[in-house]
Amino acid sequence: MNYIGTPISRVDGQAKVTGQAKYAGDVNVPGLVFGAVVTSTIAKGRIKSIDTSAALKVKGVLKVLTHKNRPALPKSDQAWKDDIAPGGSPFRPLYDDKVMFSGQPVALVLAEEWETARYAASLVHVEYAAKPHITDLQAAREKAFTLKKSKKPRGDAAKAFSSAEVRHEAEYFIPTEHHNPMELFASTAIPEKRGKLTVYDKTQGVQNVHRYLCSVFKKKKGDIRVMSPFMGGGFGSGLRPQYQVVLAVMGALTLKRPVRLMLTRQQMYGLGYRPASIERLQLGAQRDGTLHAITHEAIVVTSQFEEFSSSDTEWADRLYKSPNAKFVHKLARLDVPTSCDMRAPGATTGVYGLECAMDELAVALKLDPVELRLRCYSDKDQSVNLPYTSKNLRECYQQGAKAFGWEKRNPVPRSMRDGNELVGWGMATGVWEALQMPAAARIVLGANGHAEISCATSDIGTGTYTIMAQVAADALGLPIENIGIKLGDSTLPQSPVEGGSWMAASVSHAILGVADEVRKTLFDAAKKIKGSPLSGVKFEDVTLSDGKIVSKKDPARAMTIAHVMRERRLDRIEKEKLHKFKKDEKHARNTHSAIFAEVKIDEELGVIRVTRVVNAVAAGRILNTKTARSQIMGGVVWGIGMALHEETAYDHKFGRIMNANIAEYHMPVNADIHDIEVIFVDEPDEHINPLGIKGVGEIGIVGTAAAIANAVYHATGVRVRDLPITLDKLRR
Ligand code: MOS
């Protein structure tokens, strides 16, 4: 393999930095109409009236759509359900007069210019009949309900906890956070001939959006094409179709003109988000540092109309041995949009609680936090009682600790200093899923030795274009310059949404599978050539390498691909294949990591700096060490944001977000980021899939906030359990 495992730069990098890469809101067509959304100012109630007359008087305004005059839409909830919709009744923009959250779209202004549309939107006057709302998780927690699918407890955790020699019990809080991708949600809907429609949409799944639009607008499969060749960050916010795509299509169908609708940064806060959660942990241990009881209960925000949930609580079962365990996941309904997936959904929050609790237990046991984790280390996923396809977490602890210099740590809080600053060293474990999904790929190999690879996947910024090119180049034995990649088009071969860290494994094996078909065709053709050096060679023994079809046993027996195709008069070989992974019911599949963090805290002011982070990751085979490292670094940066900066702040009196902009929603900036070291621990995995790929999109954030919170405790002796850890909380 020449390309897999190397740090190749992004194949789409040049298009991106030169502006040639067109995003959903960049698409320009003649006669383009611009949309602007009007959003609700109350959190719950009814629209009494909407006065659009002032907006309609503005020169250049073409139409104002509201629930009163929108085109006909299906009444059935089911028509509005996308592939990954949670239970309940999905939100339908401009459907009726009901207001279910603040920031809900209530009108769409369509105009010849974007500025005109925005100005006219400010003139739309809405009268509401407000009802009492609730947006505060703490106020709603008593009414939280358990999902039916909650897991059966193992043993008796309550009893084991009460008889444990050392106990730790605490509640951790993570506020609502938003994805804040650079690219705003945007769609450009373009009517084509014969009632067809092309839609450029910011999404993590073009085929998902395609199915959704077909069902909402009662269109046939061939009538709509959804394109998303580039995406400026998704993080889960683009897994579900967002309302702007419905509104853009509604506008285009109404006016029979192309419509572009881009949300404002403020309006982005009216979409899904990482739900606020309360993580309640009970850990019971014996003096020797073995765990005997784990209880993890999460109370997580959802909307009044859907039940979004991810797995917050069961991560302990993948990490720490305990004969007794109980996991409870509760949802609290608030008058807000439905929460959604956001980078490592469930694990980011749940493991934060778990790993802070483990740190507190280590303190109570007077045990080094790494040592505690080694004493509880589980070689099995206890929830299913299965060993892992691979789990080199021990090496993560070891290599991470060594790179960090952990052995020099004085365990006593406030014992380490650097001038005016208190120094704190903390660590945590990370864990995420290693999933894989059916996906298809197509290869078109030309006689000129150029191959085009296509799949309907997205590249949400993770590097999918690049790893596809690497895998294809190796599988076809061609230089990477000869590989072209097409993705982000609903008409291309089947792909799941890009998420859950499953795309690298899924699309790579789709390419391997179809490359096999190409090899077979070439082999059959080569054998038919008179005096073929490959006659008598078995198919299993030939490989494609260096532009040749060649016997693995005797490299002298070879023919160039170009020669074979020329001789057999083949100008192209085109193959498409759906790849499904073999079921493996004997193993659990996860990625793991160990994170070590250093903070320096000004003793008088309480200002916290994260000066060093080492994140040691075991995630099977790393396809591209550069883009993978970037994924982990991005996750670490976000972990720093989660620990110290990020919070979607509500004014519960109005049920509105107070900091719906990236000036007041604090995210880490360059000045907040210091040294980040990423280590990929060698982890051969022969069970998970042929290439041993696990995916790295999400593992980088998991555990990072806990490592930092634990470092803050070590520096100051103050345990802050509610995020973000702002300086006022240290001064209490
Ligand atoms: Mo990710 S939260 O699965 O896009």
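The values are calculated or read from the model by the stated rules, or taken from the named source; none is laboratory data. These numbers were taken from a predicted model, which means no experiment stands behind them. All Cβ positions, even for glycine, are placed from backbone atoms using ideal geometry, and neighbour counts span all protein chains on display. Ligands, DNA and RNA are excluded from the accessible area calculation, which covers all protein heavy atoms including side chains. Shrake-Rupley method; radii C 1.70, N 1.55, O 1.52, S 1.80 Å.
Below are the figures for this structure:
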| item | result |
| --- | --- |
| Inter-probe distance in nm under a simple model that places probes 7 Å from Cα toward Cβ, at Val384 and Thr6 | 3.6 |
| Kirkwood hydrodynamic radius of segment 1-100, from inverse mean 1/r over distinct Cα pairs, in Å | 18.7 |
| Residue-normalised accessible area of segment 437-579, expressed per residue, 1.4 Å probe, Å² | 39 |
| Amide hydrogen neighbours beyond the local backbone of Asn659, cut-off 5 Å, H modeled | Ala649 |
| Solvent-accessible area per residue for segment 1-46 (1.4 angstrom probe, square angstrom) | 51 |
| Alpha carbon centroid spacing (whole Å) that separates segment 550-616 from segment 414-460 | 9 |
| Per-bin percent of Cα-Cα distances, segment 437-579 [5 Å] | 2, 11, 21, 22, 17, 12, 8, 5, 2, 0, 0 |
| Loop chymotrypsin sites (Phe, Trp or Tyr not before Pro), segment 633-723 (other Cβ atoms within 10 Å of the site Cβ: 15 or fewer; DSSP) | Phe654 |
| Fraction of accessible area attributable to carbon and sulfur, segment 437-579 (%, probe 1.4 Å) | 47 |
| Accessible area, probe 1.4 Å, largest first, for residues Trp114, Trp425 | Trp114, Trp425 |
| Amide H within-cut-off set for Val99, under 5 Å, with H built and near neighbours excluded | Gly45, Arg46, Ile47 |
| Phi to ³J(HN,Hα) by Karplus 6.51 cos²θ - 1.76 cosθ + 1.60 over segment 564-577, Hz, x for Gly, Pro | 4, 5, 5, 4, 8, 6, 9, 8, 7, 10, 10, 9, 9, 8 |
| Within the chain, helix-based [θ] at 222 nm, where runs of 4 or more DSSP H residues each add -39,500 (n - 2.57), nearest 500 | -7500 deg cm²/dmol |
| ³J(HN,Hα), Karplus 6.51/-1.76/1.60, whole Hz, each residue of segment 551-557, x for Gly, Pro | 6, 5, 7, 9, x, 6, 8 |
| Distance between modelled label sites at Lys98 and Leu605, nm, 7 Å Cα→Cβ extension | 5.0 |
| Rough spin-label spacing in nm, given labels placed 7 Å along Cα→Cβ, for Phe581 and Glu664 | 4.4 |
| Rounded accessible area of Met231 (nearest 10 Å², 1.4 Å probe) | 0 |
| Under-5 Å amide H pairs with Val301, H placed in peptide plane, nonlocal only | Ala276, Ala332 |
| Separation of alpha-carbon centers, segment 481-536 and segment 142-170, rounded to whole Å | 49 |
| Cα gyration tensor shape of the chain, rounded if a/c is under 1.5, else prolate or oblate by comparing a/b with b/c | oblate |
| Area accessible to solvent at Arg280, 1.4 Å probe radius, in Å² | 80 |
| Segment 437-579 - percent relative contact order, Cα under 8 Å, separation 6 or more | 34 |
| Per DSSP, loop GluC sites (Glu not before Pro) in segment 593-657 with at most 13 further Cβ within 10 Å | Glu604 |
| Most to least packed among 59-68, 151-160, 103-112, 500-509 [average Cβ atoms within 10 Å] | 500-509, 103-112, 59-68, 151-160 |
| Gain upon complete extension [Asp136, Ala158; 0.36 nm per residue less C-alpha separation] | 5.0 nm |
| Segment Lys552-Glu112, length gained on full extension (0.36 nm per residue, minus Cα span) | 152.1 nm |
| Heavy-atom surface of segment 137-228, accessible at 1.4 Å and reported per residue (Å²) | 50 |
| Segment 120-227: Rg to Rh, with Rh as the Kirkwood radius over Cα pairs | 1.19 |
| Whole-Hz ³J(HN,Hα) from phi, Karplus 6.51 cos²θ - 1.76 cosθ + 1.60, for segment 52-64, glycine and proline x | 9, 5, 5, 5, 5, 6, 5, 4, x, 7, 9, 6, 10 |
| Among the listed pairs Lys408/Lys586; Lys22/Lys552; Lys63/Lys202, those beyond 32 Å (Cα-Cα) | Lys408/Lys586; Lys22/Lys552 |
| Label-reachable residues, segment 188-226, where backbone N falls under 14 Å from a point 7 Å from Ala72's Cα toward its Cβ | 217-219 |
| Accessible surface of Lys577 - all protein chains present, 1.4 Å probe, nearest 10 Å² | 80 |
| Per-selection Rg to Rh, segment 578-645 - Cα, Kirkwood hydrodynamic radius | 1.16 |
| DSSP beta bridge pairing in the chain, given as percent antiparallel to the nearest 5 | 75 |
| Extension gain (nm, one decimal) between His450 and Lys148, 0.36 nm per residue minus Cα-Cα | 103.4 nm |
